Amino acid sequence: MRPGRVSVLPAACLSILVASTATAQASGPDGGAPPASAEDNFDTVWVTASSDHFLIYASGGARVARRALEEAERAVQALRLAMTINGTFPDDGRRLMLVLFISDYLYNWVESPQTLGLFRPAMHWGETDVVLLRGAGRFHVLRHELVHRLMQPVLPKAPPWLGEGMAQYFQWTAMDETTVTAGSTQEMISLQQIAHDSSFFPPLPELLATPRSKFYGQEALGLYSASFWLISTINSEARYRERFNQAIRAMSKGSPADVAWKRAFTPAEMEDLDRDYRSAPSRPDPVSHRLTWQPITPTVSTPRPLNRAETHVLFARLYGRSKPSFAREELDAAIERDPQNAEAFALRALFERGASTQRREDAERAVTLDPGAPLGWEALGVALLPATEPADRVRLLQVVRRLESFGGSAESQCLGAVLLGALGDQARALKLARAAVRISPGYFYGHVVLSQIASRAHADREAREARARAWALAPDGVDPIDLELLLSGGARNPSR
């Protein structure tokens, strides 16, 4: 659920609150030795660990972090299999950041107290997809947000009934060592009826047409419930599921949701589905889907405590561009604590608006401190624009070569294409833009940049196809006017 944000105090106050109790415990240049037992920490220090698909930051200690990471790895495998009953949601190779708050108080500083979790897709250079979780052990919430993450690259414009309905339905997915079960079983149907017991059941056409502003408004509870029962009804009947899968395939290729739905379901089928979905809570024969699987044991690193500077950087990322002044406070504090923190310098350069000496110095410092990290080179490339001086153009070419070397990063290839386009090298820019969409076919900005560069290179057919794909992939939150400017090449350059 995505209600409006609440007012909060400056970000620096929060991370001081989080970090001040850990001064004597935190590792790193300003914090002394690690805690005697990181396993026993509760809210005194944040820990981090990584696995095949996730990077986690958690309060509550190492046991909490490790358990959540193991469950996330298990869940993402199971969900990707379970969701095949409706479509294909492949692994796009991007690692997801999980942020787990044990304290409700701390969570409420960052997100609305009305939420238990939230998925935030990356929207700008240097950002990463993030899932925020309130409290340990709420694995239904974790699975709900992971469904959003799995759907986003395939259906970035999913209407709210579809996105939330799928997340509500598949959050009930269960798994053992041989079987993944999605849907409703005799054991869980009573719990589903309790969890989705709203008496508000809008007619199906009304539910499908509900705009986001209304869906996440005062009637959200009923609309969430109705969306769950709609997806449950569809997946309980083969004839509905076949039509639904047809609609999802069309949407994944760029068809508007309402058009895809009308092409998949006849008026008579709509009448049947409307009747069946509104009677679904009392259905006597719950239907589930059982799929065989062999879970892969993930690689999980040993959790370690964050030092105070790293805690500031974490909260800077959480505030990001939504609260830029708070993020800047966090990054200033991180750099004061640890002048060797390359990520803090890179993020401060990326979050800065417009060309400035400070922005360039921060980006150069990030590259010097960690020349192997793409983030610093991305920050430097953005900081160098517009490259009007010969020395800046030479440096920009060096940046491009480094970005090219990060061959598995669609973002690095895409930004390299932008920088080459600014230098006038359209042939190389086109090559990198093509590489970006080849690495990540669902990467929105990759298709935006490809459409611009292909148009300038007079590759008209490729430009048209990339433009259409970009329109189809535009995530929630991109204003249509801004998108049109992006696709026409009239948008502001990334340094602004």
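We did not get these values from a lab; they are worked out from the coordinates using the rules stated. Fair warning: this is a prediction, and the values are worked out from it, not measured in the lab. Because the Cβ atoms are built from the backbone with ideal geometry, glycine has one as well, and the counts that use them run over all protein chains shown.
Here are some notes:
- Positive-end residue of ALA260, PRO160, LEU273, charge dipole of segment 157-294 with Cβ unit charges: ALA260
- Axis of helix 357-369 versus longest Cα principal axis of the chain: the two differ by about 80°, to the nearest ten degrees.
- Sequence-distant contacts, meaning Cα pairs under 8 Å at least 6 residues apart, place the relative contact order of segment 406-463 at 32 percent.
- Amide H partners (placed H, <5 Å) of GLY61, local residues excluded: VAL47
- Across segment 317-357, the fraction of Cα-Cα pairs farther apart than 16 Å, rounded to a whole number, is 30%.
- Assuming charge only on the beta carbon of Lys and Arg (+1) and of Asp and Glu (-1), the dipole of the chain about its Cα centre is about 1140 debye to the nearest 20.
- Counted charge near TRP261, where neighbours are those whose Cβ lies closer than 11 Å (Asp, Glu -1; Lys, Arg +1): +1
- Each Cα pair under 8 Å and six or more residues apart adds its separation to the average, and for segment 156-276 the resulting relative contact order is 30 percent.
- Residues in segment 342-353 carry Karplus couplings, in order, of 5, 4, 5, 5, 4, 5, 4, 5, 5, 6, 5, 9 Hz; the curve used is 6.51 cos²θ - 1.76 cosθ + 1.60 with θ = phi - 60°, and Gly or Pro positions show x.
- Options PHE406, TYR105, VAL64, ranked by Cα towards positive dipole end of the chain, top entry (Cβ charges): PHE406
- Cα-only Debye scattering, the chain: base-10 log of I(q)/I(0) at q = 0.07, 0.10 Å⁻¹: -0.40, -0.83
- Charged-residue dipole, Cβ positions (Lys, Arg, Asp, Glu), segment 353-394 about Cα centre, Debye nearest 20: 120
- Under 5 Å from the amide H of SER440 lies no amide H of any residue 5 or more positions distant or on a separate chain, with H modelled from the backbone and absent for Pro and chain starts.
- Exposed chymotrypsin sites (Phe, Trp or Tyr not before Pro) absent: longest stretch of the chain, with sites in DSSP loops and at most 13 other Cβ within 10 Å deemed exposed: 201-496
- Put simply, the amide H of LEU96, placed in the peptide plane, has neighbours under 5 Å in PHE54, LEU55, leaving out anything fewer than 5 places away on its chain.
- Computed from Cα atoms, the angle from the helix 160-170 axis to the main principal axis of the chain rounds to 80 degrees.
- J(HN,Hα) series, segment 440-457, from Karplus relation 6.51 cos²θ - 1.76 cosθ + 1.60, nearest Hz, glycine and proline x: 9, x, x, 7, 4, 5, x, 6, 4, 5, 4, 5, 5, 5, 4, 5, 5, 8
- Excluding same-chain neighbours fewer than eight residues apart, the lysines reachable from LYS253 by a Cα-Cα span under 19 Å are LYS157, LYS262.
- Prolate/oblate/rounded call for segment 358-448, Cα gyration tensor, a/c under 1.5 rounded: oblate
- Normalised contact order of the chain, rounded percent, pairs of Cα under 8 Å and 6 or more residues apart: 15
- Segment 157-294: proportion of alpha-carbon pairs further apart than 24 angstrom, %: 29
- Calculated [θ] (222 nm, deg cm²/dmol) that DSSP helices of n ≥ 4 give over the chain, each run adding -39,500 (n - 2.57): -16500 deg cm²/dmol
- Sites counted here are GluC sites (Glu not before Pro) in a DSSP loop (not H, G, I, E or B) having no more than 11 other Cβ atoms within 10 Å; the longest part of the chain that contains none of them is 188-496.
- Residue-wise HN-Hα couplings along segment 297-312, as the Karplus relation 6.51 cos²θ - 1.76 cosθ + 1.60 with θ = phi - 60° gives them from phi, are 6, x, 8, 10, 6, 6, x, 9, x, 7, 7, 5, 5, 5, 5, 4 Hz; Gly and Pro carry x.
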